[in-house]
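Asker: Before we start, here is the structure in question, set down as structure tokens.
The values are calculated or read from the model by the stated rules, or taken from the named source; none is laboratory data. The model shown is predicted, which means the values in this text are computed figures rather than measured ones. Neighbour counts run over all protein chains shown; Cβ positions are idealised from the backbone, glycine included. What goes into the accessible areas is simple: the full protein's heavy atoms, side chains included, and nothing from ligands, DNA or RNA. Shrake-Rupley method; radii C 1.70, N 1.55, O 1.52, S 1.80 Å.
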Amino acid sequence: QLQASGGGLVLAGGSLVLSCLASGGTLRNYALGWFRQAPGSGREFVAAISRDGRRTYYADSGKGRFTISRDNAKNTVYLQMNSLKPEDTAVYYCAADNILRADRVNPYNDYDYWGQGTLVTVSS
């Protein structure tokens, strides 16, 4: 089970750190990702990290502003979000994918497990 947290209300230009804790299993066996869904829109890819943590991949919308990281010892994946914009407002979801290769990232919406989401609201 994945539990996302850290969302909230922030002013444009501010920062937030989202966390996603896995319970009942270990995240070290999974590639991980963050997705978001804005009101009236579909779920879109934000960032991904490989199982071994050596590769990361970002959507253009977050490049240079967002950083994904993982701490396998804490069974947690993070999304550091800086310079937030009103268009970043969405429910953010973490996801885990059982990818065989340790160095692969997955930017697609076909992960095996999903968290419940945490709401990020950026006001102008």
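Asker: Pop a pseudo-label 7 angstrom from the Cα along the beta-carbon direction at both Glu87 and Arg65 and give the gap in nm to one decimal.
Answerer: Each label point is offset 7 Å from its Cα along the Cβ direction, giving 0.8 nm.
Asker: Let me ask you something else. State the extension gain, in nm to one decimal, for the chain segment bounded by Glu44 and Thr26, taking 0.36 nm per residue of separation less the distance between their alpha-carbons.
Answerer: Working: separation 18, 0.36 × 18 = 6.48 nm, distance 2.50 nm.
So the extension gain works out to 4.0 nm.
Asker: Over the Cα atoms, compute the radius of gyration (one decimal) and Dmax (the largest Cα-Cα distance, rounded to a whole number) for segment 1-40, in Å.
Answerer: Looking at segment 1-40, its Cα Rg and Dmax stand at 13.0, 36 Å.
Asker: Quick one: compute the contact order of segment 32-120, relative version, from alpha carbon pairs under 8 angstrom and 6+ residues apart, as a percent. Don't jump to the answer; show the numbers that get you there.
Answerer: Values: 178 pairs, mean separation 30.8, N = 89.
Reported as a whole number, the value is 35 percent.
Asker: Let me ask another. Highest mean first, how do 67-73, 33-39 rank when packing is the count of other Cβ atoms within 10 Å averaged over residues? Walk me through the intermediate numbers first.
Answerer: On the way: 67-73: 15.9, 33-39: 19.6.
Descending packing order for the listed peptides: 33-39, 67-73.
Asker: Once you have the Kirkwood Rh of segment 9-73 from its Cα pairs, apply Stokes-Einstein at 37 °C and 0.692 mPa s and quote D in µm²/s. Before the final figure, lay out the partial values.
Answerer: Numbers: Rh = 13.4 Å.
Value of D from the Cα-based Kirkwood radius: 245 µm²/s.
Asker: When you count, for each residue, the other Cβ atoms within 10 Å and take the mean per peptide, how do 114-124, 4-14, 86-96, 41-51 rank with the highest first? Intermediate values should be presented prior to the final figure.
Answerer: Numbers: 114-124: 16.3, 4-14: 14.6, 86-96: 20.5, 41-51: 19.0.
The densest-packed peptide leads the list: 86-96, 41-51, 114-124, 4-14.
Asker: Here's another thing I want to ask about it. What FRET efficiency do you get for Lys74 and Tyr108 if R0 is 22 Å and r is their Cβ-Cβ distance, rounded to the nearest 0.05? It would help to have the intermediate numbers written out before the result.
Answerer: Numbers: r = 26 Å, r/R0 = 1.19.
The computed FRET efficiency comes out at 0.25.
Asker: I'd like the accessible area for Lys74, computed on protein heavy atoms only with a 1.4 Å probe and all protein chains in place. Round to 10 Å², please.
Answerer: Its heavy atoms expose roughly 130 Å² to the probe.
Asker: Then there is this: Going highest first, how would you order 15-21, 75-81 by mean Cβ packing within 10 Å? List each step's numbers first, then the result.
Answerer: Working: 15-21: 18.3, 75-81: 21.7.
Put in order of decreasing packing, that is 75-81, 15-21.
Asker: With a probe of 1.4 Å, find how much accessible area segment 18-124 has per residue, and write the answer as a whole number in Å².
Answerer: On the way: 5330 Å² over 107 residues.
Per residue, segment 18-124 has 50 Å² of solvent-accessible surface.
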